[in-house]
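Right, one structure below, let's go through it.
The values are calculated or read from the model by the stated rules, or taken from the named source; none is laboratory data. Just so we're clear, the structure is a prediction, and the values are computed from it rather than from any experiment. Because the Cβ atoms are built from the backbone with ideal geometry, glycine has one as well, and the counts that use them run over all protein chains shown. Ligands, DNA and RNA are stripped out before the accessible areas are found, and what is left, the full protein with its side chains, is counted by its heavy atoms. Shrake-Rupley method; radii C 1.70, N 1.55, O 1.52, S 1.80 Å.
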Amino acid sequence: MKKNRYISIISMGVIMGIFSVLLVYLGNPKNMGFCIACFVRDIAGSLGMHNATAVQYMRPEVVGLVLGAFVMSLIGKEFKPTGGSSPFIRFILGCFVTVGALMFLGCPLRMVLRLGGGDVNAVFGLIGFSLGIGAGIFALNKGFSLKRSYNQSYTEGSLFGIVNIMLLVMILFIPQIFIASEKGPGSMHAPMWISLIAGLVLGAMAQKTRLCMVGGIRDAFLFKDFYLLSGFAAIFVSSFIGNIITNNFHLSMADQPVAHTNILWNILGMALVGFASVLLGGCPMRQLILAGSGNSDSAVTVMGLLVGGALSHTLNLASSPAGPTLNGKIAVIIGLIFCFAITFANIQKQKN
């Protein structure tokens, strides 16, 4: 049974790595076959939530992820409408996850894909990410909790999936309704059908395997359980091999696609992502999968990710290949302080 579990998640990791390399080969930005933070930011732009013309595109991969999880949870009778666990805190934490990710220029998934493409900067991102998860583990060990969630109606649990069905219909039949970049990363994308199929397949598989980078490192530290982490190891290996085959592997720090070389802020940006994600109970991809499976707390978190992506460009928080901005540095520090403050407040409540 345990062997079968590992086969399932490693298979998913291999398929995700292959899809990521294929999407880049067919048009997605290099080292960005899949990046939840970047793609959610692009979606925010496509909806007119920010005016950064280089990063506006309704990414079918994200819609596919949600719908794949939605359908699979219904088929597997795992659709569970729940919510009500500190929703506004989750919204703010979601905003800060995107702020940290766009400081580094990638979510945990893209961090692994950047490693698979030879981007040495991602090593420092991984260090920061692990440190942030370590801080989150400390909080959990001290009794941190965002309190329990409650059973909700199927209408409430289904709304996020329904919204994504509506987005899919618009993508298929009235794509002109969305703003689309004419240059920059937002103009670089694989054919819509390939992107959508990749999202659907990976969303369904992620729902069944519970793949989560944050959960993987957390479980390895706390329980010596490497099940979730093995999936990301498979993503790294398959993307590494795929990048070599497609001539997209370049081992260096400088001149990597959509990346910067500031070691300190790569570390701190991903530390914020790791810390906030542990407090939320999952990485950005996991939040999308849970939202598609009926969890309205995760749906609120995804809305936070979306608003965080919009604010990152409206307020000049996001990094660029030239490096981080002053506004972005301030925002990351505020985010880390917020995570510590929320941790302290909740632990104090449990002591009383």
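Looking at region 273-281, can you tell me whether even one residue there is on the phi > 0 side of the Ramachandran plot, in a loop (DSSP other than H, G, I, E, B) and under 15 Å from the mean Cα position of the chain (by Cα)? For region 273-281, residues on the phi > 0 side of the Ramachandran plot, in a loop (DSSP other than H, G, I, E, B) and under 15 Å from the mean Cα position of the chain (by Cα): present.
Residues checked against (1) at pLDDT below 95; (2) open to solvent by 50 Å² or more (accessible area, probe 1.4 Å); (3) more than 24 Å from residue 308 (Cβ to Cβ); (4) within 17 Å of the chain's Cα centre (by Cα):
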{"site": "16", "(1), (2), (3), (4)": "no, no, no, yes"}
{"site": "32", "(1), (2), (3), (4)": "yes, no, no, yes"}
{"site": "64", "(1), (2), (3), (4)": "no, no, no, yes"}
{"site": "67", "(1), (2), (3), (4)": "no, no, no, yes"}
{"site": "75", "(1), (2), (3), (4)": "no, yes, yes, no"}
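What are the residues in region 164-183 that are within 21 Å of the chain's Cα centre (by Cα) and not hydrophobic (A, V, I, L, M, F, W, C), if any? If the condition is that a residue be within 21 Å of the chain's Cα centre (by Cα) and not hydrophobic (A, V, I, L, M, F, W, C), then 164 is the only one that fits.
If you filter region 195-246 down to residues that are of a type in the set (Phe, Trp, Tyr) and closer than 25 Å to residue 66 by Cβ, you find that the one that is farthest from the chain's Cα centre (by Cα) is 227.
Go through the residues of region 299-313 one by one and say whether even a single one is closer than 28 Å to residue 30 by Cβ and touching a His at 6+ places or on another chain (Cβ under 6 Å). Checked against the condition, which is being closer than 28 Å to residue 30 by Cβ and touching a His at 6+ places or on another chain (Cβ under 6 Å), region 299-313 yields at least one hit.
Yes or no, residue by residue, for (1) open to solvent by less than 60 Å² (accessible area, probe 1.4 Å); (2) at pLDDT 95 or above:
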{"residue": "169", "(1), (2)": "no, yes"}
{"residue": "181", "(1), (2)": "yes, yes"}
{"residue": "194", "(1), (2)": "yes, yes"}
{"residue": "215", "(1), (2)": "yes, no"}
{"residue": "226", "(1), (2)": "no, no"}
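Of the residues screened, residue 293 is one that is crowded, with 24+ Cβ neighbours inside 10 Å and over 17 Å from residue 37 (Cα atoms). Condition check for residue 27 on (1) at pLDDT 95 or above; (2) open to solvent by 20 Å² or more (accessible area, probe 1.4 Å); (3) outside any loop (DSSP other than H, G, I, E, B): one failure, at (3). Within the span defined as region 73-90, one or more residues are touching a Phe, Trp or Tyr at 6+ places or on another chain (Cβ under 8 Å), in contact (Cβ under 8 Å) with a residue 60 or more places away in the chain, small (Gly, Ala, Ser) and assigned to a helix (DSSP H, G or I).
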